[in-house]
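Handing you this structure, nothing more for now.
Nothing in this text is a laboratory measurement; each read-out follows from the coordinates by a stated rule. Everything quoted here is computed from the prediction, not taken from an experiment. Please note: Cβ atoms are built from the backbone with ideal geometry, for glycine as well, and neighbour counts cover all protein chains shown.
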Protein chains: 2
Amino acid sequence: MAGERAATLSDVAREAGVSLATASRALNGSDRVVRPELQERVLAAASKLGYTPNANAQAMARGSTETVGLLVKDISDPYFSTIAGGLADEAEKHGLLVMLCNTGGQPEREQKFLAALRRQRSRAIVLAGSDTADVRHTSEVADLLTSYLDGGGRAAAISQPRLPVDTVVIDNHGGAKALAEQLVGLGYRRAAVLTGPEDLLVSAERHAGFAEGWLEATGSKPAYVSDEFSRDGGRRAMTRLLEDGRNDGTEVDCVFAVNDLMAVGALAACRQAGVEVGPELAVAGFDDIATLRDVTPGLTTVRLPLADIGRLALELVLGKPSAELRKRSVHGEVVLRESTPPRS
Amino acid sequence: MAGERAATLSDVAREAGVSLATASRALNGSDRVVRPELQERVLAAASKLGYTPNANAQAMARGSTETVGLLVKDISDPYFSTIAGGLADEAEKHGLLVMLCNTGGQPEREQKFLAALRRQRSRAIVLAGSDTADVRHTSEVADLLTSYLDGGGRAAAISQPRLPVDTVVIDNHGGAKALAEQLVGLGYRRAAVLTGPEDLLVSAERHAGFAEGWLEATGSKPAYVSDEFSRDGGRRAMTRLLEDGRNDGTEVDCVFAVNDLMAVGALAACRQAGVEVGPELAVAGFDDIATLRDVTPGLTTVRLPLADIGRLALELVLGKPSAELRKRSVHGEVVLRESTPPRS
DNA sequence: CTGAAAGCGCTAACAC
DNA sequence: GTGTTAGCGCTTTCAG
């Protein structure tokens, strides 16, 4: 069978003894209606020939596709894969295919993907986690998006509203602030924040929110240590924090890692240093990654409805376009667990 | 600007004062060469007009696309997202876009996606984790794949070789067997397996491999409890196992959960039941999910090079086609951690 | 090296 | 209702 030129619509039309147009109408229910008898003949011919419509040809003729693009920094990161899961689910409901673009956080790749998505005439593009303080890159992305939008595309971002598109705004600041307040309420008084790179917005916002809450509640600013926005970054930052504290007597009683991955790294560092998290030192994270809900001690964190965020972003980008930019805010919820027991 | 019909190749050609053919050749380096001067003129015109090639049109004219499809059961599951990450990386190197299809384990969806991918004329399709003992569904998928292949498509699977395509075979049996042997070597004598649904092949294979290893080493077959192939399934199965053991005196000293997620659920169940994993009861998993490497106690497991598996699958499916089906075996490596200390 | 022209497979006016 | 016939935007013979 191999090599057998795939059956086309005209093949089907010929086989059914009808015109091209009729075959087309019968096969895809346009507004026009086809006589049942013919309809059946066409369907029969199509299945006999093993006909499969050519989506590319349809896209050309119709001027629109059935695909949406999703840009993430790293699909193997549970934060993004959970968002992707929600978005993929929603896409399926709309009969859309999603093009997964793994940028690896590299600006060039991001731009390349954006161009590719534009070439594909993707119906819509959702950008997740592409927030940097890198102004140059941000403006290049903004330009690419703008021309994509001008061409009739739709786009949305999941992040902070720095791009000229609809966005699902995650309240990193508020969530971290609420967490700080709760921790102070539990009796903690000396905090440190484990942050990612300075130019990573999520990290910066969570840091700022926590600092603000902490300052308002205690009158003092939390210390902080920066490292990678990853499990190992968290471990290293915590190790450094522990060492420094011992050397200069600036021990803290509570640590906020700006995401769960870093928090888990911090947990590991504590374990290695013989510090018992909970009784001796409180540790909290952010995101509430599902697979991490079983670490011990249970990690206090700020829960984000990640899957919903993905769904929401797609809804937003598929909804009817409006002149002004839309924003949909999503708030986190503080989840207290054993890693931050009430301080006695 | 909006609404402005996107510039086409003919616009560019006209603007540059050359023919359509020349513009095409200049813009995409066909085998033909264009005089540098003209080349430049075309490039200039293209950038002036903000020209973006239409991938759908190219696909039609060329008869081939730049996309590959990836079917996974659940992208938010770290097992799949890690595979997806590796595959996406590799795809990027080849300049390919990946269409992510989240099947949710539903056969109909899987078939729908396969059809969609075929319509899209995807260059290749990689199926991950779609292994059921459901013969009917398997054969329907096989049929769909066959006709896709006949149409010139390429496909590969990650799993067991039950489909008529190249496959990256994961040695679930061998890995589990090796784990069993090591556990016996550590001094364990009474094991139980926490399995997923009977018709899930990965689960069945791991169970069988473990049972075989255990039987050969101890002369007895491990008990087993089935539940969902998930964290909660693991928790429930473990809870039941613990209760039963207390009631009828069949306590075990060692438990093998067929994947890390279930193992983590089992850990939670033990914690709740006041059983100390490690000293009192050994627990092991399978996969070595990255984010789970920090649970306490450290989970003994069988490490699978998940990202490599994704990469490998793409390589396989992109490599030159061969008459006979190719298989690439991937083996797991037992990683001993604190959850299975040597038995004293 | 360049241009003219014939498709690629399908949809959507537009007639009948 | 159904058929005819232009395209959709690009690549690729086939002639020059």
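Taking only C-alpha pairs under 8 Å that are 6+ residues apart, what is the relative contact order of chain A in percent? List each step's numbers first, then the result.
Values: 647 pairs, mean separation 56.8, N = 344.
Over chain A, the number comes to 17 percent.
At a Förster distance of 56 Å, what's the computed FRET efficiency of A:Glu243 paired with A:Leu43, Cβ-Cβ distance as r, to 0.05?
Working: r = 73 Å, r/R0 = 1.31.
Computed FRET efficiency for A:Glu243 and A:Leu43: 0.15.
How large is ³J(HN,Hα), in whole Hz, for each residue of region B:182-195 in order, when computed from phi with the Karplus curve 6.51 cos²θ - 1.76 cosθ + 1.60 and θ = phi - 60°, using x for Gly and Pro?
Result, rounded to whole Hz: 5, 5, 5, x, 7, x, 7, 10, 10, 10, 9, 10, 9, 10.
Let me ask you something else. When each copy gets a label point 7 Å from Cα toward the beta-carbon at B:Ala133, what are the spacings between them in nm, shortest first?
5.8
Using the Cβ atoms and a cut-off under 11 Å, what net charge is assigned to the surroundings of A:Arg41, where Lys and Arg are +1 and Asp and Glu are -1?
Charge balance in the 11 Å sphere: -1.
Related question: Once the label point is set 7 Å along the Cα-to-beta-carbon vector, what list of distances in nm do you get between B:Ser329 and its counterparts in the other copies?
5.9
Over every pair of different alpha-carbon atoms in the protein assembly as shown, take the mean of 1/r and invert it; report that Kirkwood radius in Å. The partial results should precede the final answer.
Numbers: mean 1/r = 0.0364 Å⁻¹.
The Cα-based Kirkwood calculation yields 27.5 Å.
Classify region B:172-303 from the C-alpha gyration tensor, please: rounded if a/c falls under 1.5, else prolate or oblate depending on whether a/b exceeds b/c. Could you put the intermediate results ahead of the total?
On the way: a/c = 1.23, a/b = 1.07, b/c = 1.16.
It comes out rounded by the Cα gyration axes.
Which far-off residues, 5 or more places away or on another chain, put their amide H under 5 Å from the one on B:Ile125, with H placed in the peptide plane?
Amide H neighbours of B:Ile125: B:Gly69, B:Arg154, B:Ala155, B:Ala156.
While we're here: Return the subset of B:Lys93/B:Lys327; A:Lys112/A:Lys221; A:Lys112/B:Lys327; A:Lys177/B:Lys73; B:Lys48/B:Lys112; A:Lys93/A:Lys177 for which the Cα-Cα distance in this structure is over 31 Å, preserving the input order.
A:Lys112/A:Lys221; A:Lys112/B:Lys327; A:Lys177/B:Lys73; B:Lys48/B:Lys112; A:Lys93/A:Lys177
Looking only at other chains, what is the average number of their beta-carbon atoms within 10 angstrom of each beta-carbon in B:111-122? Intermediate values should be presented prior to the final figure.
Details: counts 0, 2, 2, 0, 2, 7, 2, 5, 9, 9, 6, 2.
Other-chain Cβ atoms within 10 Å of each residue's Cβ, averaged: 4.
What value, in deg cm²/dmol to 500, does the helix sum -39500 (n - 2.57) over DSSP H runs of n ≥ 4 give at 222 nm once divided by the residues of chain A?
On the way: 12 runs with 161 residues, N = 344.
Theoretical 222 nm ellipticity from helices: -15000 deg cm²/dmol.
From the label point of B:Pro341, set 7 Å along Cα to the beta carbon, how far off in nm is each other copy's matching point, shortest first?
In nanometres, ordered from closest: 2.1.
Given the Cα atoms of region A:69-131, and with Rh set as the inverse mean 1/r over their pairs in the Kirkwood sense, what is Rg to Rh to two decimals?
0.95
Next question, about the same structure. Per the Kirkwood treatment, what hydrodynamic radius in Å, one decimal, follows for chain B from the mean inverse distance over all distinct Cα pairs? It would help to have the intermediate numbers written out before the result.
On the way: mean 1/r = 0.0441 Å⁻¹.
Hydrodynamic radius (Kirkwood, Cα only) of chain B equals 22.7 Å.
Shielding of A:143-151 by partners, i.e. mean partner chain Cβ atoms within 10 Å per residue? Don't jump to the answer; show the numbers that get you there.
On the way: counts 0, 0, 0, 2, 5, 1, 2, 6, 9.
Average per residue, whole number: 3.
A follow-up question, please. Count charges around A:Ala142 for me, please; just the other residues with Cβ under 15 Å from its Cβ, Lys/Arg as +1, Asp/Glu as -1.
Overall, the nearby charge balance is -4.
How about region B:298-344: which GluC sites (Glu not before Pro) there are in a DSSP loop, with at most 15 other Cβ atoms within 10 Å of their Cβ?
Values: sites: B:Glu315, B:Glu324, B:Glu333, B:Glu338; in loops: B:Glu324, B:Glu338.
Taking region B:298-344 and a limit of 15 other Cβ atoms within 10 Å, the loop GluC sites (Glu not before Pro) found are B:Glu324, B:Glu338.
I've got another one for you. So what's the net charge close to A:Val68: Lys and Arg +1, Asp and Glu -1, counting the other residues with Cβ under 9 Å from its Cβ?
+1
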